[in-house]
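J.: This is the structure I have questions about; it appears just below.
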Amino acid sequence: MSDTEDPEIEIQTLPLDAWHRARDGRMVEFAGYHMPVQYEGIMAEHLWTRESAGLFDVSHMGQLLFTGEGADAALEALLPGDIKGLGTARMRYSLLLAENGGILDDLMVTRREDGIYMVVNGATKYDDISYLLDHLPEDITINIMDDQALLALQGPKAVDVLSRLVPGVGALVFMTAGAFEWNGTPLWISRSGYTGEDGFEISVPAEAAEALADALTAEAEVKPIGLGARDSLRLEAGLPLYGHDLDPETTPVMADLGFALSKRRREEGNFMGAGRILLEREQGPVVKRVGLVVEGRQPVREGAAVVDADGSDVGKVTSGGFAPSFGAPIAMAYVPAAMAAIGTVIQITQRGKVHQATVTAMPLIPHRYVRRGEN
């Protein structure tokens with residue numbers, strides 16, 4: 001093979017691959033997998049999720065279980081969250097950090113009776129696993145749960161639907177989880193998701209995923225939803241996407257994810273990249289992730305340049321599109337700190353055309369999570 005030739009990379013299939021195709025899912029390559037980008041259309045699927053309940057296949061994501069004495073303390077060397085203080089069945093959003101404070105991945109961590117459960121992004125999961133193996137003590141075991149599928153049921157009617165199939169699941173609140181059973185099949189269910197809506201993520205044995213997907217979509221409130229609507233939903237909700245809005249050159253402070261830096265961990269300063277991150281937190285970052293509302297009807301897309309009054313590039317758009325629920329083009333971008341105040345009007349260039357946008361508070365669509373005392 002010549003140096004200019006690349007070996008063909010095999011695209012993997014999800015446990016529900018045939019299920020998606022049978023429902024006319026338009027399949028695309030994403031994170032190394034064939035995945036459905038849409039079924040009946042992104043706009044319709046987006047609005048259905050906001051109004052009813054949408055079923056997403058997120059089985060491309062990595063599910064890991066860490067076992068061994070002191071797994072929580074060992075993970076704290078790499079994550080800036082309070083893992084040791086995490087109660088059983090409680091979840092926390094956190095970040096896998098590099099030595100320079102850059103973000104290698106964003107992830108969810110849950111304490112279970114049998115260990116520390118982590119869900120990582122599909123595009124980075126193998127790199128994450130290698131990094132974790134290199135940096136964790138040898139007596140900590142990483143169990144790769146590749147025999148589990150992961151489904152997300154999102155939307156205001158998700159709790160009614162899932163409660164019919166899995167009694168008792170409605171007792172969960174946002175960022176809590178538990179072990180349940182459906183028709184003899186064990187499920188690990190969290191009240192969480194990445195759409196800004198109330199909803200659940202369901203870890204299910206891969207061989208039972210199709211039966212569960214059938215049961216959920218048999219309910220009148222549920223339709224299958226593709227990647228396209230998942231992206232527009234999370235953008236409206238102000239949620240960053242790794243590989244687009246987050247990357248190894250971006251710190252938690254730049255990304256406006258300071259909430260992921262737990263108080264105890266900030267005080268101890270003993271996580272990867274702490275020196276740089278804590279200094280940035282004190283002095284302020286040079287650039288910052290912001291939300292934008294774009295004038296007109298044409299969206300700006302990832303890679304469009306933010307320019308100053310002289311037309312020089314000073315920032316970039318990392319996500320952008322038309323927001324169906326908001327009714328206008330919106331975006332996320334990294335801009336100089338001096339331009340990050342809400343209400344600041346900025347200029348964006350895309351394909352030779354100048355667009356005007358206004359920095360706005362995120363999320364653009366309020367989160368509808370069900371918190372303790374609300375259900």
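J.: Taking R0 as 30 Å, what's the FRET efficiency between residue 144 and residue 266 from their Cβ-Cβ distance, rounded to 0.05? If you can, show how the numbers build up before the last one.
T.: Numbers: r = 31 Å, r/R0 = 1.04.
Calculated value: 0.45.
J.: Counting Lys and Arg as +1 and Asp and Glu as -1, each charge on the Cβ, what is the dipole of the chain about the Cα centre in debye, to the nearest 20?
T.: 1640
J.: Here is a further query. Which whole-Hz ³J(HN,Hα) couplings does segment 279-284 yield from phi under the Karplus relation 6.51 cos²θ - 1.76 cosθ + 1.60, θ = phi - 60°, glycine and proline marked x?
T.: 5, 4, 5, 6, 9, x
J.: Whole-Hz ³J(HN,Hα) for each residue in segment 92-106, computed from phi via Karplus 6.51 cos²θ - 1.76 cosθ + 1.60 with θ = phi - 60°, x for glycine and proline: what do you get?
T.: 8, 6, 8, 9, 8, 10, 8, 4, 8, x, x, 8, 8, 5, 10
J.: Could you go through segment 173-186 in sequence order and give the Karplus-derived ³J(HN,Hα) for each residue, using 6.51 cos²θ - 1.76 cosθ + 1.60 with θ = phi - 60°, rounded to whole Hz, and x for Gly and Pro?
T.: 10, 3, 6, 10, 8, x, 8, 9, 9, 9, 6, x, 9, x
J.: In Å and from the alpha-carbon atoms only, list the Rg and Dmax of the chain.
T.: 20.8, 65
J.: Under the rule a/c < 1.5 gives rounded, and otherwise a/b versus b/c splits prolate from oblate, where does segment 221-375 land using the Cα gyration tensor?
T.: Because a/c hits 1.5 or more and a/b fails to exceed b/c, segment 221-375 counts as oblate.
J.: Next question. Would you please state the base-10 log of I(q)/I(0) at q = 0.14, 0.20 1/Å for segment 286-375, with intensities from the Debye formula using one equal scatterer on every alpha carbon?
T.: Log10 of I(q)/I(0), two decimals: -0.47, -0.85.
J.: Moving to a separate point now. Considering only 286, 202, 109, whose Cα is most displaced toward the positive end of the charge dipole of the chain, charges sitting on Cβ of Lys, Arg (+1) and Asp, Glu (-1)?
T.: Ranked along the dipole, the leading option is 286.
J.: Return the calculated 222 nm mean residue ellipticity for the chain, to the nearest 500 deg cm²/dmol, obtained by summing -39500 (n - 2.57) across DSSP H runs with n ≥ 4 and dividing by the residue count.
T.: Result for the chain: -5500 deg cm²/dmol, rounded to the nearest 500.
J.: What do you get for trypsin sites (Lys or Arg not before Pro) in segment 210-306 restricted to DSSP loop and a cutoff of at most 11 other Cβ within 10 Å of the site's Cβ?
T.: Those that pass, being in a loop and sparsely packed, are 297.
J.: Rounded to the nearest Å, what's the spacing between the alpha carbon centres of segment 331-360 and segment 12-87? Just the number, please.
T.: Here the two parts' Cα centres lie 30 Å apart.
J.: Taking a cut-off of 16 Å between Cα atoms, list the lysines near residue 316, but don't count ones fewer than 8 places away on the same chain.
T.: Here the lysines satisfying the reach criterion relative to residue 316 are 288, 353.
Laboratory data are not the source of any read-out in this text; all were calculated from the coordinates shown. Keep in mind it's a predicted model, so treat the numbers as computed, not measured. Here the Cβ is made from the backbone with ideal geometry for all residues, glycine too, and neighbour counts use every protein chain on show.
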